[in-house]
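Structure first, then comments.
Read-outs throughout are calculated quantities, based only on the coordinates presented, and are distinct from any laboratory measurement. Values in this document were obtained by computation on a predicted structure and should not be read as measured data. Note: ideal-geometry Cβ built from the backbone for every residue, glycine included; neighbour counts use all protein chains shown.
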Amino acid sequence: MDMRESRLGIAVCRPWDRGEEKREGVISGVQIPSLEALYRPLRSWYRFCQQEGKLQDPRHCQLPFASKSLQIDHETTPFASPSFFPSKFSISPSIRTMEFESNNIAEESNNNHGWQKVTYPKKQRKNPAKQQQQQPTKVSSNGSSISAVDNVFTSIEKKSEERRKLIEAERLANSAMYDPAPPTRSSKKNNYSDYDDSDEEDVANGVADNGVAEEKKTKPKKVKKPKVTVPEAAAKIDAAELASFLSDVTASFETQQDIQMMRFADYFGRAFASVSASQFPWVKLLRESAVAKVADNPVSHIPEAVYKTSVDWINNRSLEALGSFVLWSLDSIIADFASQQGNAKGSKKVAQKPSSKSQVGIFVALAMVLRRKPDALITALPSLRETSKYQGQDKLPIIVWMVAQASHGDLAVGLYSWSHLILPIVGGKSGSNPQTRDLILQLVERILSAPKARTILVNAAVRKGERLMPPFALELLLKVTFPSSSTRVKATERFEAVYPTLKEVALAGSPGSKAMKQVSQQIMTVSLKAAGEGIPELSQEASGIFVWCLNQNPDSYKQWEKVYEDNLEASVVILRRLAGQWKDVSIKHSSLDTLSDTLRSFKTKNERALTDGDGKEALYKEADKYCKVLVGRLSRGWGCVKGMGLILIVVGLAIAFTPPTTLESLDFTKIPSMLNVEYYST
């Protein structure tokens with residue numbers, strides 16, 4: 001027997017074969033023993049209708065026992081075949097359903113003789129006659145006509161139901177992520193049966209669906225949180241609460257100052273957690289704003305009471321803990337910077353994410369530490385110089401901001417950090433970048449523009465045994481200040497403006513001291529090298545520094561003798577300067593005897609080189625010329641001094657033995673002309 005699925009009410013069951021065990025079915029949620037229990041009252045009711053003569057339309061009948069509406073597809077159920085009914089009961093192939101309803105039979109029989117025609121207008125609208133005519137039909141084994149579409153209808157419906165459930169489950173899962181309200185399902189989508197209980201239920205469902213649609217359309221938009229600026233968040237910080245917090249932290253982590261500093265930063269992180277990245281775009285600020293503008297941001301927004309409470313507490317922390325905190329804070333800032341750079345490279349347009357709670361707070365905490373204890377930056381300098389993650393042009397704005405904070409507390413620390421950490425960038429690959437040079441110059445210009453900056457820096461030229469402007473910094477400064485005419489840039493004029501003060505700081509110190517003698521030897525080597533570069537302006541400036549070194553340390557002459565032949569071009573420049581400015585040199589130099597010995601040594605080397613033909617005859621000849629001039633001036637100078645001494649002695653004796661009357665008649669103004677003393681002059 002051909003096994004086909006049939007639909008009874010809302011449940012689907014399968015008919016049984018004659019040789020198979022009968023199965024139970026479910027009709028409208030009511031369990032019955034078997035389908036045979038349905039067919040017996042149906043046949044009995046048919047016979048009753050025949051006896052009463054009320055069987056007018058055999059296609060529809062009404063069962064008094066049915067408590068709920070029952071829909072049966074006669075073409076797919078066993079009782080639809082003629083074998084279940086008497087021969088007089090014929091079922092047309094066009095009959096689709098038989099509906100059983102529980103009504104008062106007595107009242108209905110008075111009007112329609114116990115029969116009621118059941119119609120289903122909604123189904124007629126869904127299935128127009130034109131579509132029914134186009135559906136192919138075939139004849140089943142029991143002789144009834146079955147539509148080819150209906151023959152596979154139930155299996156298609158089953159697969160469709162499964163797909164619908166999967167789609168619905170995915171939709172509910174996705175909706176749960178964005179809409180906390182449970183989604184309302186439409187009755188039209190859920191009702192996959194061709195048979196509905198009543199038109200009134202459909203209308204009610206339609207109204208419900210429209211209500212849901214209206215509710216979705218009029219769903220209120222999410223209320224945007226008000227934007228909080230840095231000043232607004234800073235104004236809410238309570239100094240008393242902060243003092244209590246710091247007191248508790250100090251007591252809880254008495255021996256762990258590193259943790260104390262992290263908790264200190266965390267407090268300000270929570271205070272500024274509501275500040276979005278758009279209100280404090282620190283990367284953009286540091287890159288595009290002037291150093292003078294960002295140097296006080298964001299710490300300038302902190303209330304005075306909060307600032308004082310914080311710096312007083314910071315003052316009691318050790319330099320080691322503060323130095324570690326500086327590096328820890330910088331790591332956090334660089335990590336946030338790297339994440340922003342990664343997002344920018346990964347997509348063309350990146351939505352600006354909210355700043356983490358610690359970023360604004362870390363900038364505030366770090367600024368207060370560097371301003372109150374600038375030496376913390378000096379402690380961190382070795383790591384900043386040697387660790388690659390802190391280096392690079394992209395990190396320069398952050399480092400400049402940090403040095404600006406330290407210089408606010410101590411100008412000497414600011415210049416020391418600038419000369420040891422930032423100025424060396426000029427000699428690197430990125431030193432030629434205009435933006436890099438601009439940042440470097442902005443920082444040093446800010447330091448030197450502070451009130452009494454020159455006096456403070458010159459007096460503090462040596463700080464704890466280290467110079468603010470070491471010799472290597474002076475060498476870099478000479479190169480960028482006095483380049484060749486073809487390589488001059490806009491930044492050159494700005495370097496020329498700050499050079500005099502920086503040079504004074506580099507050469508400042510106690511004359512004749514041991515430390516100054518050591519520094520003068522280092523500077524002499526730097527200036528000797530610069531003097532031989534062949535750049536007129538640079539050679540002129542470097543030779544002047546070299547002469548200054550000779551006056552600071554007499555041992556510099558011996559060092560010059562050792563490197564004379566290897567730096568012949570630079571030596572010629574220095575000898576020319578000595579000969580041209582001999583008047584000033586002779587007054588300032590206290591060791592002219594040592595200079596005379598050095599010049600005679602140079603003459604000997606020049607003569608030997610000219611005799612051997614070293615290939616640098618022109619330079620040796622020029623050097624020998626200046627050596628002879630300087631030696632002659634030194635010899636005449638000392639001869640005049642000795643001669644004047646003898647003359648003064650003779651004149652003194654003559655005056656002693658001359659009568660007073662004769663002295664009154666003498667004209668002392670003519671004595672110099674009588675002696676014909678010739679003073680040396682340049």
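Here are the numbers for this structure:
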quantity: All-pairs Cα distance distribution in region 391-445, expressed in whole percent, bin size 10 Å; calculated: 26, 59, 14, 0
quantity: Three principal axis lengths of region 267-315 [C-alpha, angstrom, descending]; calculated: 33, 26, 15
quantity: Principal semi-axes in Å for region 410-508 [√(5λ), Cα gyration tensor, largest first]; calculated: 22, 13, 13
quantity: Förster radius 25 Å - calculated FRET efficiency between ALA335 and THR255, Cβ distance, rounded to 0.05; calculated: 0.35
quantity: Evaluated at q = 0.15, 0.17 Å⁻¹: base-10 log I(q)/I(0), Debye formula over Cα of region 231-388; calculated: -0.84, -1.07
quantity: Region 410-508 - charge dipole about Cα centre, Lys and Arg +1 at Cβ, Asp and Glu -1, debye rounded to 20; calculated: 20
quantity: Sites SER388 and LEU285, calculated FRET efficiency, Cβ-Cβ separation with R0 30 Å, nearest 0.05; calculated: 0.75
quantity: Inter-centroid distance (Cα atoms) of region 442-465 relative to region 361-392, Å; calculated: 19
quantity: Cα→Cβ-extended label distance, 7 Å offset, between GLU161 and VAL563, nm; calculated: 9.9
quantity: Cβ charges +1 (Lys, Arg) and -1 (Asp, Glu), total dipole of region 231-388, debye; calculated: 780
quantity: Summed residue charge, Cβ within 10 Å of THR379's Cβ, Lys/Arg positive, Asp/Glu negative; calculated: -1
quantity: Packing-based ranking, highest mean first, of 289-297, 620-628 given that Cβ atoms within 10 Å are counted; calculated: 620-628, 289-297
quantity: Exposure proxy order (Cβ contacts within 10 Å, fewest to most) of ARG437, ARG163; calculated: ARG163, ARG437
quantity: Size of region 513-563 as Cα extents on the principal axes (Å, biggest first); calculated: 32, 20, 14
